Structures are given as C-alpha cells and as structure tokens.
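Novice: Okay, handing you the structure first.
The values are calculated or read from the model by the stated rules, or taken from the named source; none is laboratory data. Not measured: the values here are computed from a predicted model. Cβ atoms come from the backbone with ideal geometry, glycine included; neighbour counts cover every protein chain shown. SASA here: full protein model, heavy atoms, side chains in, ligands and nucleic acids out. Shrake-Rupley method; radii C 1.70, N 1.55, O 1.52, S 1.80 Å.
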Amino acid sequence: MTEPLRLGIAGLGTVGVGVVRIIRRQAELLEARTGRPVVITAVSARDAAKDRGVSLSSYAWESDPVALAKRDDIDVFVELMGGHEGAAKEATEAALAAGKDVVTANKALLAIHGQALAEQAEAAGRVIRFEAAVAGGIPVIKSLTEGLAGNEITRVMGVMNGTCNYILTRMEHSGLPYETVFKEADDLGYLEADPTLDVGGIDAGHKLALLAAIAFGTKPAFDDVQLEGIQRIAIEDIRHAADMGFRIKLLGVAQTSARGLEQRMAPCLVPANSPLGQLEGGTNMVVIEGDAVDQIVLRGPGAGEGPTASAVLGDICDIARGLRIATFGQPAATLQEAPSAMSGLPAPYYLRMALQDKPGALAKVAAALGDAGVSIDRMRQYGHSETIAPVLIVTHKCTSAMLDDALAGLAATGVVDGAPVALRIEEL
C-alpha cells in the first residue's frame, strides 16, 4: 500500500475545521485522485477544550504549533493561524527546517516574509503552497504558475476583498451611507478583528503583492503597494458613478512599466457593464492579461469555510501527487528586485469636492487644474447649502503625477473645503 500523506494542522478556526471536514468526508475521493491516502496526524490550536463541531479525538494534540511543525509523524505542515509574525512565522520556519512541506492560507506572512521563506524552502528541497491565501476558492495561483506559464503577463487586476465589495454594493442597492453599512457588516461578522485590514485595503494589498511576484518574476514587495481604502467613499460617489455608467470597486492593479513595478490597491471607477463592474456582494474576481492568452477572468467566492478549505486541499493534493513548484513560480534566486513605480499610464479621474460658495471659486478650481495640465471633461454642481457647493468633475486623461499637482493646487486656492475625493477611472 502506498504510504499516506500525513498532515499536521495548526489553527482550527473556520478554515482549519473546514479542512478537517473535507478530509473526513472525501477520504476515498482524495485517495483516488492522488494515489495515496491523505490523513491528519496531529493538530494545534489555542484552546483544546473548545467545541468546534467536529471530533478531534483521533488526532494528537500539540498546544505549541512549533512543536507540531517538528513532529516526525507529519509530512506537511498546514498553517492556518494567520499573522505575519509570532507563532505562524516561527512554526513555518521550523517546519521547513524539519524537512516538511508547507501549505498555508496566510497572505500577510508571505507578502512580508515570502522571499526569505521561499529561499529557505528551496534550500531544504521543500515547497510552500498558498492557493488559499488569495481569492479564497478561486484557483488564481495555480492559473498563474501552471496554466499561464507560457505567457508574459502584462497586467493582473481584481477585486480581492469580499467585505469591501459587499459594503460598496450594499451601499448602492440600499442607499445607506458607509457608516451604516460598515456597522451592518461588522454585526454580520464579515470584518476582521482589525477592520482596517479590510476597509483600509491592507488584506487585499497582501494578495496583490503575491500575485505581482508570480506574474512578473519579482520579489514580493508589500511595502511598495500603494494603498487606499474605501472609508472616504460616500453614497453620493456611488450615485454619481452610476449616472455616468460606472461602479466603484476596491480594485487591485499590478503591471510593469519602464519606471518599474506598479502595484496599487485603491477604490476606482470601472465600467458598469464590464465583468468587474457586474461583480456583486462578497464575490471575488481576478482578471489576468497575457501576451498569448489575451485576457481571462476568474470569478468565485473569496472567503468562507468551504471555498478556502477547498483551496487548501487543492495544494495538499498536489503535494500528494508529487507536484513540486517553486513558491512564486520560479526559483527564488531568480526573482528580481523591481523598483516601485507610480502609475505612468494616463487615465481619466473622478473628483468630488466641497467648494466654498464664493464668486470666482469655480474659476480658481479650473485654473488650478489647468496649471497642472489637467483638463475638464465634465463638471457638475449639485445641491448646495448657504456656504458650501458640492462640485463633481470628470477629467480627461492625465497621469497620477499631474493629478497630484492638481490636488496640491486645489488645496492652495483657499476655496476648497477639505480634501477632494479623487478616484481613477480604470479602463478595462
């Protein structure tokens, strides 16, 4: 009989329990598809007494995940604890040092320490697989490393945080303000313990850094991702975008240019009739463009017990089959140190500002934009108070540097109340 693949699972939250359930329910199917039994030997979590809705009595228990990682009776260390420091990092390093392969759903760990961990894994002849770290049940890592391996990737973009997409689409359909929908999402348990990881774009930024590393053969560089969250998006922005045939999405975009690697995670306008524009609720979508394949669109659930556990099992099955792929699709030593670059490609922008209701205020705004080389495509003034007049402007195409100059010029006019909301209109 073929030797079983023995797993040690660290972290028994939603995803960890989901993995246990799939392995129990689909034991025969997994063996048929991989050619060997897939079994759980030992587990680790903070609280051994907690009722998780599934019996764990047949597995050895380790209170210390590092001890679990070093056990002689596991072949694969499955890290589902989360966090980029502390136990997750120490246990992953210990597993590799002990000659174990690693499967993880930890995007923060790999976005920040991925290069060092990849080098350690390759030096030990081990693999790190992390399909579950990006876009839940969507096989985007597998698509980039295997299915699209013959392509020069030109752009990767997508909606990679279901909570943000839920908030934005809920605002649109309900007409409720951001603060109300944010609380609703929190009450439903959609938000991380630190909500800024979601609404601040950090969670999605981790995922974008990993996709960029694979797509462009670069070292993961989360610190170079330009981050902007959705906190400043008002219901007025969503309504105005809809009037113009757009929807607002927290969109990640990675592409290379002569200046270097562009990585930005920020709210922007996309055509309402595009695949990204039609995305609803907590669903994720990743769009990949390559020189041979042109464009492919991957859509599916971005989180949850079943989808994320499914991705974990996909990686486990590949290891059981003997598939060995470098962490980021090519040897870690060949990954390039790409200079960080702001977007150099011109695009139109949406601007919303509160203008002081004074004579000549609009002229000062137009002059500030013109001085920065930014021309106005459309401008609209709507419902104002005695002192403030909200103004909406859509620019012609300009670079991000020109826009920054324009925003600085607007601040110096003395007629703009607060900071304008500026959103890129992304062409798909």
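Novice: Please turn the phi angles of the stretch 196-205 into ³J(HN,Hα) values with the Karplus equation 6.51 cos²θ - 1.76 cosθ + 1.60 (θ = phi - 60°), one per residue in order, whole Hz, x for glycine and proline.
Specialist: Couplings: 5, 4, 7, 6, x, x, 5, 4, 5, x Hz.
Novice: Continuing with this model, one more query. Using alpha carbons only, how many degrees (0 to 90, rounded to 10) separate the axis of helix 178-187 from the longest principal axis of the chain?
Specialist: In the chain, helix 178-187 runs at an angle near 20 degrees to the longest axis.
Novice: Given points 7 Å out from each Cα along the Cα-Cβ axis, report the K183 to E152 separation in nanometres with one decimal.
Specialist: It works out to 5.4 nm between the two label points.
Novice: Moving to a separate point now. Amide H of H396: which non-local residues (sequence gap of 5 or more, or other chain) have their own amide H closer than 5 Å, using H built in the peptide plane?
Specialist: S375, I376, D377
Novice: After finding the eigenvalues of the alpha carbon gyration tensor for the stretch 239-279, what semi-axes result from the square roots of 5 times each, listed largest first in whole Å?
Specialist: 24, 10, 9
Novice: Nearest 500 deg cm²/dmol is fine: what mean residue ellipticity at 222 nm does the chain get from its DSSP H runs of n ≥ 4 alone, each adding -39,500 (n - 2.57), divided by its residue count?
Specialist: Only helices count here, giving -10500 deg cm²/dmol.
Novice: Can you compute 3J(HN,Hα) from phi for each residue in the stretch 318-324, using the Karplus curve 6.51 cos²θ - 1.76 cosθ + 1.60 with θ = phi - 60°, rounded to whole Hz and x for Gly and Pro?
Specialist: Couplings: 4, 5, 4, 7, x, 6, 10 Hz.
Novice: Starting from the coordinates of the alpha-carbon atoms of the stretch 236-333, obtain the Kirkwood hydrodynamic radius over all distinct pairs and give the value in Å to one decimal.
Specialist: Final number for the Kirkwood radius of the stretch 236-333 is 16.6 Å.
Novice: Taking only protein heavy atoms into account and a 1.4 Å probe, give the accessible area per residue of the stretch 352-425 in Å².
Specialist: It amounts to 49 Å² per residue over the stretch 352-425.
Novice: Mind checking the stretch 239-308 for GluC sites (Glu not before Pro) that DSSP puts in a loop (not H, G, I, E or B) and that have at most 15 other Cβ atoms within 10 Å?
Specialist: E280
Novice: How big is the antiparallel share of DSSP beta bridges in the chain, given as a percent to the nearest 5?
Specialist: So the antiparallel bridges in the chain amount to around 65 percent.
Novice: Continuing with this model, one more query. At a 1.4 Å probe, what is the % contribution of carbon and sulfur to the accessible area of the chain?
Specialist: With neighbouring chains kept in place, the figure for the chain is 51 percent.
Novice: Oh, and also: How big is the charge dipole of the stretch 1-159 about its Cα centre, in debye rounded to the nearest 20, if each Lys and Arg gets +1 on its Cβ and each Asp and Glu gets -1 on its Cβ?
Specialist: With Lys and Arg at +1 and Asp and Glu at -1, about 460 debye.
Novice: Could you rank the peptides 235-242, 224-231 by their average count of other C-beta atoms within 10 Å per residue, with the highest value first?
Specialist: The most tightly packed comes first, giving 224-231, 235-242.
Novice: Turning to a different aspect of this structure: Largest first, what is the accessible-area ranking of D101, D291, D186 with a 1.4 Å probe?
Specialist: Largest accessible area first, the residues go D291, D186, D101.
Novice: Still on this structure, I have one more. Compute the long axis of helix 14-25 from its Cα atoms, compare it with the longest principal axis of the Cα atoms of the chain, and write down the angle in degrees, 0 to 90, nearest 10.
Specialist: Rounded to the nearest ten degrees, it is 40.
Novice: Rolling a 1.4 angstrom probe over the protein heavy atoms, how many square angstrom per residue are accessible across the stretch 62-179?
Specialist: 33
Novice: Going toward the positive end of the dipole of the chain, with +1 on Lys and Arg Cβ and -1 on Asp and Glu Cβ, which of S343, A406, L30 do you reach last?
Specialist: Of the options given, the answer is L30.
Novice: Quick one: Debye curve from the C-alpha atoms of the chain, no solvent, what's log10 I(q)/I(0) at q = 0.07, 0.08, 0.13 Å⁻¹?
Specialist: -0.38, -0.49, -1.10
Novice: So how do 194-205, 14-25, 401-412 stack up, highest first, on mean other-Cβ count within 10 Å?
Specialist: 194-205, 14-25, 401-412
Novice: For the stretch 254-331, with every protein chain kept in place, what is the accessible area per residue (1.4 Å probe, Å²)?
Specialist: On a per-residue basis, the stretch 254-331 sits at 37 Å².
Novice: Report the one residue of V181, L168, G136 whose Cα lies farthest in the direction of the positive end of the charge dipole of the stretch 108-194 (charges on C-beta: Lys and Arg +1, Asp and Glu -1; origin at the Cα centre).
Specialist: Value computed over the given set: G136.
Novice: Take the alpha carbon atoms of the stretch 70-168, find their radius of gyration, then divide it by 2.2 N^0.38 Å using N residues; give the quotient.
Specialist: Dividing the Cα radius of gyration by 2.2 N^0.38 Å gives 1.19.
Novice: Hey, can you grab everything whose amide H is under 5 Å from the amide H of D357? Only 5+ residues off in sequence or another chain; H modelled, so Pro and N-termini drop out.
Specialist: Under 5 Å from the amide H of D357: I388, A389.
Novice: To continue, here is another question. Could you tell me the calculated FRET efficiency between A98 and A27, based on Cβ-Cβ distance and R0 = 30 angstrom, to the nearest 0.05?
Specialist: Calculated value: 0.70.
Novice: Then there's this: Treating the beta-carbon of each Lys and Arg as +1 and of each Asp and Glu as -1, no other charges, what is the dipole magnitude of the chain about its Cα centre, to the nearest 20 debye?
Specialist: The dipole magnitude comes to about 540 debye.
Novice: Going by amide H atoms built from the backbone, whose H comes under 5 Å of the H on D75, apart from near neighbours?
Specialist: R6, L7, G8
Novice: Keeping all protein chains in position, work out how much accessible area M379 exposes to a 1.4 Å probe, and write it in Å² to the nearest 10.
Specialist: That residue has around 100 Å² of solvent-accessible surface.
Novice: Apply the Karplus curve 6.51 cos²θ - 1.76 cosθ + 1.60, θ = phi - 60°, to the phi angles in the stretch 246-261 and return the couplings in whole Hz, x for Gly and Pro.
Specialist: 10, 10, 9, 9, 7, 10, x, 9, 10, 7, 9, 9, 4, 7, x, 9
Novice: Protein chains only, probe 1.4 Å: how do F216, F130 rank by accessible area, largest first?
Specialist: Of F216, F130, the descending order of accessible area is F216, F130.
Novice: In nm, to one decimal, how far is the modelled label at T399 from the one at Q381, with both set 7 Å along Cα→Cβ?
Specialist: 3.3
Novice: Using Cα springs under 10 Å in a Gaussian network model of the chain, which residue among A254, A292, A135 shows the largest mean-square fluctuation?
Specialist: Among A254, A292, A135, the largest mean-square fluctuation in the Gaussian network model of the chain belongs to A292.
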